[in-house]
Amino acid sequence: MELKTYYFDTYAFFEMISGNPAYRRFERDIALLTSRFNLMELYYGLVLKHGQSAAERYYGGFLKFCVEPDDETIKEAMIFRTRNKDLRLSYADCIGYTLALKRRVKFLTGDNGFKDLPNVEFVK
């Protein structure tokens, strides 16, 4: 059985960690991708809300799922961000969205800015 792969943005991580029932289906039987940029946002948010110990635990646990963007991907992501600046998307999520497109996997998020974009699995 081939697992469906999702690129987790920072929003998706926070929802999964906080126990949002809509995200339970993404806790098993899937393949997960992300980047250090999304883990950076996650770490920051977790330090603020739950302390450094929790941030360390989750960062370390998700690190093995990281894929890193090359320079071309970063440039494409920033062009995407400038074209969609009214959506107020984070740098990290624009890089993640571009990585998801390039790898042909769904971008998992509940960020309203991505709601109507192609290749998005939008979950609140």
Do any residues in segment 1-14 that are free of Cβ contacts under 8 Å to residues at least 60 places away in the same chain have Cβ atoms under 6 Å from those of residues that are surrounded by 23 or more Cβ atoms within 10 Å (Cβ to Cβ) and in a helix (DSSP H, G or I), where the two are at least six apart or on different chains, and which pairs are they?
13/42
Residue list for segment 68-100, filter: surrounded by 20 or more Cβ atoms within 10 Å (Cβ to Cβ) and either among the aliphatic types (A, V, I, L, M) or in contact (Cβ under 8 Å) with a residue 60 or more places away in the chain (or both):
77, 89, 92, 93, 95, 96, 97, 99, 100
What number of residues in segment 2-54 are surrounded by fewer than 17 Cβ atoms within 10 Å (Cβ to Cβ), among the hydroxyl-bearing types (Ser, Thr, Tyr) and over 20 Å from residue 95 (Cβ atoms)?
2
Scan segment 64-84 and give yes if some residue there is under 16 Å from the mean Cα position of the chain (by Cα), of a type in the set (Ser, Thr, Tyr), assigned to a strand (DSSP E or B) and under 20 Å from residue 107 (Cβ atoms), otherwise no.
no
Could you tell me whether residue 13 is part of a helix (DSSP H, G or I) and closer than 17 Å to residue 120 by Cα?
yes
Within segment 31-58, track down each residue that is part of a helix (DSSP H, G or I), within 13 Å of the chain's Cα centre (by Cα) and not hydrophobic (A, V, I, L, M, F, W, C).
36, 38, 41, 43
Across segment 101-117, the tally of residues that are out of contact with any Leu (no Cβ under 9 Å at 6 or more places or on another chain), part of a helix (DSSP H, G or I) and in contact (Cβ under 8 Å) with a residue 24 or more places away in the chain stands at 1
If you check residue 124 against the conditions, is it surrounded by fewer than 13 Cβ atoms within 10 Å (Cβ to Cβ) and touching an Asp or Glu at 6+ places or on another chain (Cβ under 9 Å)?
yes
Residues to consider are 24, 28; find the one that is closer than 18 Å to residue 109 by Cα and outside any helix (DSSP H, G or I).
28
Looking at (1) farther than 18 Å from residue 97 by Cβ; (2) under 14 Å from the mean Cα position of the chain (by Cα), can you tell me which one residue 20 breaks?
(2)
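Each value in this text was obtained by applying a stated rule to the coordinates, not by laboratory testing. Quick caveat, the model's predicted, so the values are computed rather than measured. Backbone-built Cβ (ideal geometry, glycine too); neighbour counts: all protein chains shown.
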